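Throughout, read-outs are computed from the coordinates displayed, never taken from laboratory work. Keep in mind the model is a prediction, meaning the values are calculated, not measured. Every residue, glycine as well, gets a Cβ built from its backbone with ideal geometry; the counts of neighbours run over all protein chains shown.
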Amino acid sequence: MSAVADANRGDFTANPRVLVVTLMAVFIGVASAFVALALTKLIGFFTNLFYYQALRSANSPRRLVIISACGRCSFRLSAA
């Protein structure tokens, strides 16, 4: 390599700005995790409210029900 090619290469040393950006990314990640948890709870609440007519935010337990008709087996999930 020539001296000109070496001079055109970027400097990849870390400066204090990298720490600030890293802390911002961690904060955004943690906040996003709590938002996702809240949205999951809201989905469970509205599903229970409109589908099962129950006021609770916990997910309804499901059990596997095997339905046999005319010698054929089909599977579906139903509320317990």
Worksheet item: Given labels modelled 7 Å from the Cα in the Cβ direction, how far is it in nm from A54 to K41?
Response: 1.8 nm
Worksheet, complete the sentence: Between A54 and residues 5 or more places away or on another chain, the pairs with built amide H atoms under 5 Å apart involve L49
